[in-house]
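The values are calculated or read from the model by the stated rules, or taken from the named source; none is laboratory data. Just so it is clear, the model here is predicted, and its values are computed rather than measured. Positions of Cβ are generated from backbone atoms using ideal geometry, with glycine treated the same way; all protein chains shown enter the neighbour counts. The area values use the complete protein model at the heavy-atom level, side chains included, leaving out ligands, DNA and RNA. Shrake-Rupley method; radii C 1.70, N 1.55, O 1.52, S 1.80 Å.
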Amino acid sequence: MERVYLSSPHMGGTELKYIQEAFESNWISPVGPNIAAFENDLALYTGRAHAAALTSGTAAIHLALIILGVTAGDEVMCSSFTFAGTCNPIVYQGAHPVFVDSEEDTWNMDPELLRKGIEDRIKSGKQPKAIIVVHLYGMPAKMDLIMNIAREFDIPVIEDAAEGLGASYNGQKLGSFGDLSILSFNGNKIITTSGGGALLSDNKEYIDKAKFLATQARDNAPHYEHSSIGYNYRLSNISAGIGRGQMEVLEQRVKRKREIFEYYKNELSDVDNIQFLSEPEKCFSNRWLTTILVTGENGEKVKDNVRILLENNNIESRPLWKPMHMQPVFQGSKAYLNGISQKLFEIGLCLPSGSNMIEEDLVRTIDLIKECF
Ligand SMILES: *Cc1c(COP(=O)(O)O)cnc(C)c1O
């Protein structure tokens, strides 16, 4: 049996045309027409004024922090329930993440806990420099509540929409909230450029600065003149060509991901101890990955059994993200906790959700899951 992946790259068909153009015009470089066109596609789709195509989502978060002036010793409020790429760049800057736990209905940053954390940090004499809020598995965080708190305390927001392209909150596309937003086009994301990311903002200065910093911060001179430290973070014109093709099928991908979620949900509805995450009011998820919670007394054990049985049948599944406050590398970090993300990690599983999965793969996966209950 061929391996079934969690979410593998799914080309739309026109990607090669844009790559071909890059070869024919010899723009085999981090400069070229595909880059500007891809940036334009991203801005248009999300409703942002400006975009910078970069080598990764992690690089985009790093530049966002630099642009907001986060430096050594600063504190940044950050979702704990996420992938390490969200918070590693805080440490690149010599700053400290302050983790905030999840709420039950979206699994994303709990607004009330965020408020408590900010008030507590201010009381100890430190105004947080930024807030990084994540939309996990494509489910939107409660952006109206979070933005209100951010404004109240005058703290800028970086929206980590790496998993959220195609989703929306209150009718507004993810990737358009906060001061700066980031996207990822890594191989397993809803669309991919093999590897890549983007920084989005309505502030032109921010995006101009991102492009400057991403190309080694070269000043305007005939020779190479530098008055600040730069990075090599620009996306290549080849990868941007893949991105242009992928943008043409993004809506189809979202539709298919949502169908896969519904399929699992319907077929497993008679299993008592499996719970799905439904969409709260105002939330439209892209269902990047279908996730389940295995409830009941032995939930954690049964969840492991499901994963192992699937793996023995060459089907990939994966526990939910291990919260950052539980990671050895962030042991000493401050965290405002309510136990929710830890519990989700213990009993949660991501099911194979590739938009290129065939019905037969879904049926086989579902039959094996049922065997465990
Ligand atoms: C993938 C991901 C990132 C990092 O993106 P890369 O392109 O892999 O660097 C950041 N945050 C979240 C939530 C992600 O899923």
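If I take the Cα coordinates of the range 250-371 and project them onto the principal axes, what are the three extents in Å, biggest first?
46, 34, 26
Using 20 Å as the Cα-Cα cut-off, could you pick out the over-long pairs in LYS255/LYS370; LYS17/LYS209; LYS322/LYS343; LYS303/LYS370; LYS129/LYS189?
The pairs that break the limit, which is 20 Å between Cα atoms, are LYS255/LYS370; LYS17/LYS209; LYS129/LYS189.
How about LYS204: which aspartates and glutamates have a C-alpha closer than 12 Å to its C-alpha, ignoring those fewer than 8 places off in the same chain?
Partners found: ASP179.
Rg to Rh for the range 68-190: what is it, with Cα atoms only and Rh by Kirkwood? Show your work: numbers first, answer last.
Details: Rg = 13.5 Å, Rh = 14.4 Å.
Ratio value, two decimals: 0.94.
Could you work out what % of the accessible surface of the range 250-371 is carbon and sulfur, using a 1.4 angstrom probe and leaving DNA, RNA and ligands out of the count?
44
Ratio of alpha-carbon Rg to the 2.2 N^0.38 Å globular estimate for the range 325-373, to two decimals, please.
Output field value: 1.75.
Which one, ALA217, ALA167, ALA130, has the greatest fluctuation when you compute a Gaussian network model over the chain with C-alpha springs under 10 angstrom?
Result: ALA217 has the largest fluctuation of those listed.
Could you tell me how far the Cα centroid of the range 336-350 sits from the Cα centroid of the range 67-82, in Å?
For the range 67-82 versus the range 336-350, the Cα centre distance is 22 Å.
Among residues other than ILE118 whose Cβ falls under 13 Å from its Cβ, what is the net charge (Lys/Arg +1, Asp/Glu -1)?
With Lys, Arg at +1 and Asp, Glu at -1, the neighbours total +1.
Taking the Cα atoms of the chain, what is the range of coordinates along each of the three principal axes, in descending order and whole Å?
68, 59, 36
In Å, what Kirkwood hydrodynamic radius results for the range 87-132 from the alpha-carbon pair distances?
Hydrodynamic radius (Kirkwood, Cα pairs) of the range 87-132 is 11.6 Å.
Suppose a student asked you for the relative contact order of the chain, using Cα pairs under 8 Å spaced at least 6 residues apart; what percent would you report?
25
Taking just the alpha carbons, could you work out the radius of gyration and Dmax for the range 283-332, both in angstroms?
Expressed in Å, the Cα Rg and Dmax of the range 283-332 come to 14.0, 40.
For the range 250-371, with every protein chain kept in place, what is the accessible area per residue (1.4 Å probe, Å²)? Could the numbers behind the result be given before it?
Details: 5880 Å² over 122 residues.
Ligands and nucleic acids excluded, the result is 48 Å² per residue.
What does the highest-first list of 151-157, 300-306, 360-366, 225-231 look like by mean Cβ count within 10 Å?
My ranking of the peptides, most packed first, is 300-306, 360-366, 151-157, 225-231.
Which of the peptides 205-213, 184-192 is most tightly packed, and how do the rest follow, going by the mean number of other Cβ atoms within 10 Å of each residue?
Top to bottom by mean Cβ count within 10 Å: 184-192, 205-213.
Give me the 1.4 Å probe accessible area per residue for the range 95-172, excluding ligands and nucleic acids, in Å².
33
At 222 nm, what helix-only mean residue ellipticity would the chain give, in deg cm²/dmol to the nearest 500, using -39500 (n - 2.57) for each DSSP H run of four or more? Could you put the intermediate results ahead of the total?
Values: 12 runs with 138 residues, N = 373.
Calculated at 222 nm, the ellipticity per residue is -11500 deg cm²/dmol.
I'd like to know which of PRO280, GLN252, PRO328 lies farthest towards the positive end of the charge dipole of the range 250-371, counting +1 on Cβ of Lys and Arg and -1 on Cβ of Asp and Glu.
Result: PRO328, furthest along the dipole toward the positive end.
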